[in-house]
Each structure stands twice: as C-alpha cells, then as structure tokens.
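**Q** Can you keep this structure in mind? I'll have questions shortly.
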Amino acid sequence: MVSTILWIKKNKSSMQSTAECLKKVKSDCLKFIKSQETSTEKFSNKDKMLKSFLIPVCFWIAEKADKKKPYFVGLAGGQGTGKTTISSILKIVLEKYFKLNVFKVSIDDFYKTRRERYNLSKTIHPLLMTRGVPGTHDINMMLDFFKKSKSKNFKKIKIPNFNKAIDDRFPKKNWYNINQRPDVIIFEGWCVGAKAEADKTLKKPINSLEKANDQKLIWRKYVNQNLKTKYKKLYSQLNCLIYLKAKNFSLLQKWRLKQEQKLWLKTKNKSRHKIMSKGDVINFMQTYQRITQNMFKFTPKYSTILMNLNSNHQIKTIKYNQ
C-alpha cells in the first residue's frame, strides 16, 4: 500500500514537471519544428511528441549529466528518421529548461574531404568515393574532439562543418567554434553505435551494388574492419545511445528522397549542387543498406533508449533499456 502511494506521488510529480517544462519550451520547439516543415510536409501530434517522449528523455539526460565533464549522448537512426529534428529539440529543452550547455554535432560533419575520399577510391576501392560508410569519416579528428571536450584544461575547439550540397567541407571560416566546455554533447548519425558483423556474413551480397561493384569483398571488409577497430573505440566513449528505429529499409528510402527534395529547396546556388536524383538516392542508400539492416536487428538490444517510429515519421513507443 505504501509503495503504491509513493509511486502515485512520484508519477504525479513527474507529470507536473513535464507540464511545467512543456510550458516553458513549447514556443521555441514549435518554432524550430516549423522551420523544418514544407508546404506539403507538416509535423503532426507535436504536443504528444514533446510531452510523452522528448521531454521525459531530457529529464533522463539531465539527471545523468555531470557538470564536471561532458555527458556524451549518441543518437542513431537510419537515413531520414528525424535525427536532426529530434536532437535539435533535445538541445532546446536541455538548454532552456535545464540550463545546460549543449553542443550538437553530426558524424556527417566529420566526413573526409572529396580529395581524401578520391584518394581512398584510387588506393583501396572505388566505392569509398561515396561518403557515408565507416572509413569515409576522419576518425582521428573525431577522437581528438572527444578527448579535447573531456580535458580538464578545456580550450576552444574548432570542428568541421560539412556541406552535403557540394559533397565537401565548408571553408574553415564556416566551421563550428566551441568556446566553452559543453555539459552535454549530442553526437548524431546514421551509423553511430553500429557494430561490426561476423566476417562470414560479409560473403553474400545483399543488393545489386555489392554484387556488381564489390565482387572481391574488398569494400565490405574495409568498412567492417573500420567498425571493428577505430569506430568501436570511438563509440565506447558514448555515455548512452538513443536509437530511432524505422519499420523497414524501403521506408527509409522514401524518407531520404524527401530529405533530398528539402535540400534542393534550401540550396541557393543550384549550379554547384551535388544533390541527388531519385536513382542516385536509391544507389547511394545501397551503400548504407548492410549496416542499416544489421542495426535494425541488433541495436534495439544494446541501445540505452529505443524509439520506435511509425510509417508517418512519428515516435510510436519508447523503451528505456537502462
């Protein structure tokens, strides 16, 4: 009886805190969400997404955050799952309501330059010209960023900003400047937290791209070896992992096409763009397919927080594994 009363009190207090938080952050969150919408693509159930899912996650993170060193939040999900939107809302809530200093960055910003990927394509395998898979990021730069962020003698950090419209980094004057050590670092990306697969499962191609362009398994083995070594070291430093799970890969393709259309609308200098056609997107996503499908299968088992998405791009359920 006593434990039931305590649970009711705690639950009531939690609901009151959530409602108070929503009141303070709602206008800022809705303003951001509106900036992500187009005339044909609108977010629905915004209040529910904030109140039932994202604000409670922020309470969870704030409770874990330690002002003495950054708390690293990994946020993963297939292409088009809404990682940027969700991580941006988490940042807004953590800063506005919890008064935490939050820095949000994508693993995409650490892609190797076009020249570096061109060199990889010539010396290892032609598919490494295509950004995306482990091995096409500057892993040393990411490890250095993590190390400097945790240093007791924190100094200003400058990290790259990647421009997908031209498939290369912005000039250094447009890079991110971190002037103060963050309390929370949100590190998001499609393959964040991904684990290597067994060598024997690499042998069978899973799509036409692997079958036609990687007959000797050089590309697959190179990517998998990177996951097994350098990326494993990087991901081991995350304090928690939030995983956004879509229903299937074909749904991700549909969402990714919408992303590319948005990028086209936002790009001013269209003559220089390297924005993809529908065929380009489908071919591009074949390079992601193996790791994405492995993450569908295994990441829900080891992620800290699992968000299941429905076919309308909304969070359907959430599960806290730790």
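The values are calculated or read from the model by the stated rules, or taken from the named source; none is laboratory data. Since this is a predicted model, take the numbers as computed values, not measurements. Don't worry about glycine lacking a Cβ; one is built from the backbone with ideal geometry, like all the others, and counts go over all protein chains shown. Surface accessibility is based on the protein's heavy atoms, side chains included, excluding ligands, DNA and RNA. Shrake-Rupley method; radii C 1.70, N 1.55, O 1.52, S 1.80 Å.
**Q** Out of curiosity, is G74 modelled with pLDDT under 95 and surrounded by 19 or more Cβ atoms within 10 Å (Cβ to Cβ)?
**A** No.
Residues are listed down the side, and each one gets a yes or a no for (1) surrounded by fewer than 18 Cβ atoms within 10 Å (Cβ to Cβ); (2) under 21 Å from the mean Cα position of the chain (by Cα):
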position: D109; (1), (2): no, yes
position: R115; (1), (2): yes, no
position: S121; (1), (2): yes, no
position: T136; (1), (2): no, yes
position: N140; (1), (2): yes, yes
position: D144; (1), (2): yes, yes
position: N153; (1), (2): yes, no
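**Q** Continuing with the same structure: Within the stretch 258-269, identify whether any single residue is open to solvent by less than 90 Å² (accessible area, probe 1.4 Å), modelled with pLDDT of 90 or more and assigned to a helix (DSSP H, G or I), and answer yes or no.
**A** No, there is no match, as no residue in the stretch 258-269 is open to solvent by less than 90 Å² (accessible area, probe 1.4 Å), modelled with pLDDT of 90 or more and assigned to a helix (DSSP H, G or I).
**Q** Yes or no: the stretch 155-178 includes at least one residue that is small (G, A, S) and closer than 26 Å to K232 by Cβ.
**A** No: zero hits.
**Q** Does any residue of the stretch 228-237 turn out to be farther than 24 Å from P70 by Cα and part of a helix (DSSP H, G or I)?
**A** Yes, the stretch 228-237 contains a residue that is farther than 24 Å from P70 by Cα and part of a helix (DSSP H, G or I).
**Q** Would you point out the residue of the stretch 233-257, among those that are under 16 Å from the mean Cα position of the chain (by Cα) and basic (K, R), that is modelled with the highest pLDDT?
**A** Among residues in the stretch 233-257 that are under 16 Å from the mean Cα position of the chain (by Cα) and basic (K, R), the one modelled with the highest pLDDT is K245.
**Q** Please name all residue pairs, on different chains or six or more residues apart, with Cβ atoms under 7 Å, provided the first residue is in the stretch 83-96 and is within 15 Å of F43 (Cβ to Cβ) and the second residue is part of a helix (DSSP H, G or I) and open to solvent by 10 Å² or more (accessible area, probe 1.4 Å).
**A** Correct list of pairs: T85/Q36; S88/F32; I89/F32; I92/D28; I92/F32.
**Q** Taking the condition of being under 25 Å from D280 (Cβ atoms), in a helix (DSSP H, G or I) and open to solvent by 70 Å² or more (accessible area, probe 1.4 Å), how many residues in the stretch 209-227 meet it?
**A** 3
**Q** Right, here's the next one. Within the stretch 83-107, work out how many residues are farther than 24 Å from L143 by Cα, surrounded by fewer than 22 Cβ atoms within 10 Å (Cβ to Cβ) and either in contact with a strand residue (DSSP E or B) (Cβ under 7 Å, 6 or more places away or on another chain) or of a type in the set (S, T, Y) (or both).
**A** So the count comes out to 3.
**Q** Regarding the stretch 190-205, can at least one residue be identified that is on the phi > 0 side of the Ramachandran plot, buried (at least 16 other Cβ atoms within 10 Å of the Cβ) and under 16 Å from the mean Cα position of the chain (by Cα)?
**A** yes
**Q** Could you pull out the residue among K91, K148, K99 that is under 20 Å from the mean Cα position of the chain (by Cα) and either of a type outside the set (A, V, I, L, M) or in a helix (DSSP H, G or I) (or both)?
**A** After applying the criteria, what remains is K91.
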